Amino acid sequence: MATVGTVACMATVSTASAFAELKGAGSTLVAPLMSNWINGFSAHTNGAITASYSSVGSGAGIADITARTVDFGASDAPMTPEQAAKCGNCVQIPWALTGVGIAYNIPGVKKGKLRISGPVLAEIYLGKITTWNNAKIKRLNPKLHLPGLKITPVFRSDGSGDTYAFTNYLSKVSSAWKSSVGYATSVAFPTSDGAVGGKGNPGVTSVVSTTKGSIGYITATYIVAAGLGAASVENNAGQFEFPNLENIEAAAETVHHIPPNNEMHIVDPPKKAKTAYPISTFTYCIVPHGAPKKPELEQFIKYNLTTGQKYGAALDFAPLPKIVFKAGERAVASL
């Protein structure tokens, strides 16, 4: 798969001002990578341009850039037509690629041993499957001893790109989910089964870590950092895959056309993507055309699209496919 790993960094140090600071807000998914980007970019510009970032969730990030209280927003969910209209001449630039993992806390079940499918996940979050020894889960895991423990589904209580990717996936694999809940950055999760919310990836990670019998959707980086178990998820080819780099890349390889607004969906990729992880997602930078700090923003985004990609692998962010990198490059040029 072609990547941007060999592309030379396009960023050059700004001479427009002696010092400039960029402020961003949004996605908790991209926050670990953003920290590396910010530090690396500051060093690259010798401190001439710095950046700060508030990890407040994709929904808040879109709201903040719409209100122009920040210089850039970050979201794992592409803007809806309504959000794009309110944002007023904003462009969304794909700049990172990762997966939303399914973490679990089941006494007696080792890390990485649980297998799960999309339809079963949908039934768990719809409150139709309520214990771990349910027959449908046992059929997926014939070699595991699953306890008769109550399942506690954990969801994001804030507007979230992780929720968008997760519910988009469930809407693809479950007609019941699609018709009753649907997908968005915020949805009305059924809570009659005892489902609980957590704010941001850190919040969901904390709930799953401390709640026996729980399951939650969390960006892969946070699952690894917390030492939680991640389930392998069945894809369209009938294979159970983890949110590892090569599996995320396999999902992204299904992108062959990118629309003008750069909106892409790679959840539940087709059967021919045999090793694809089915809950993979791109994440976006959102910037208005003609921004007051346009020169500095251009340099920051270009750095992240090129040199900054080197920080991704250690955090379970896969390199951007060449077609996506080119789309990002065009979007920056349009600013």
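What follows draws every value from the coordinates through simple rules; no lab data is involved. Here the structure is a predicted model, which means the values were calculated and not measured. Cβ sites come from the backbone with ideal geometry, for glycine too, and all protein chains shown count toward neighbours.
Of all DSSP bridge pairs formed entirely within the chain, close to 60 percent run antiparallel. For the pair the range 306-325 / the range 83-158, the C-alpha centres are spaced 25 Å from each other. Working from label points 7 Å from Cα in the Cα-to-Cβ sense, the residue 23 to residue 89 distance is 2.2 nm. For the pair residue 52 and residue 272, label points projected 7 Å from Cα toward Cβ lie 4.9 nm apart. For residue 62, the shell of other residues with beta-carbons less than 13 Å away shows a net charge of -2, using +1 for Lys and Arg and -1 for Asp and Glu. DSSP beta bridges confined to the range 100-250 are antiparallel in about 60 percent of cases. Relative contact order of the range 100-250: 38 percent, from C-alpha pairs under 8 Å at least 6 residues apart in sequence. Using only the C-alpha atoms, the convex hull of the range 112-162 corresponds to 95 Å³ per residue.
Peptide packing: for 160-171, 96-107, 195-206, 38-49, the average count of neighbouring Cβ atoms within 10 Å per residue gives the ranking 160-171, 96-107, 195-206, 38-49, highest mean first. From the square roots a ≥ b ≥ c of the eigenvalues of the alpha-carbon gyration tensor of the range 100-250, which class results: rounded (a/c under 1.5), prolate (a/b over b/c), or oblate? Note, shape of the range 100-250 comes out rounded.
Enumerate the residues in the range 269-289 having an amide nitrogen under 14 Å from the point lying 7 Å beyond the Cα of residue 256 toward its Cβ. Correct set: 270-273. Decide, for the range 194-335, between rounded, prolate and oblate: order the square roots of the alpha carbon gyration tensor eigenvalues as a ≥ b ≥ c, take rounded if a/c falls under 1.5, and otherwise choose prolate if a/b is larger than b/c, else oblate. Oblate, since a/c reaches 1.5 and b/c is not below a/b.
Taken about its Cα centre, the chain carries a charge dipole of roughly 940 debye when the Cβ of each Lys and Arg holds +1 and the Cβ of each Asp and Glu holds -1. Each peptide in 245-257, 61-73, 178-190 was scored by the mean count of other Cβ atoms within 10 Å over its residues; highest first, the order is 61-73, 245-257, 178-190. Pairwise inverse Cα distances across the chain, averaged and inverted, put the Kirkwood hydrodynamic radius at 20.1 Å.
Each label point was placed 7 Å from the Cα along the Cα-to-Cβ direction; for residue 289 and residue 226 their separation is 4.1 nm. On the basis of the beta-carbon distance and an R0 of 56 Å, residue 310 and residue 143 show a calculated FRET efficiency of 0.90. Between residue 212 and residue 191, the contour length at 0.36 nm per residue exceeds the alpha carbon distance by 5.8 nm. Taking a sphere under 14 Å around the Cβ of residue 47 and counting the other residues whose Cβ falls inside, with K and R at +1 and D and E at -1, yields a net charge of -2.
Our summary of shape: the Cα atoms of the range 215-280 have principal axis extents of 38, 28, 19 Å, ordered from largest down, in whole angstrom.
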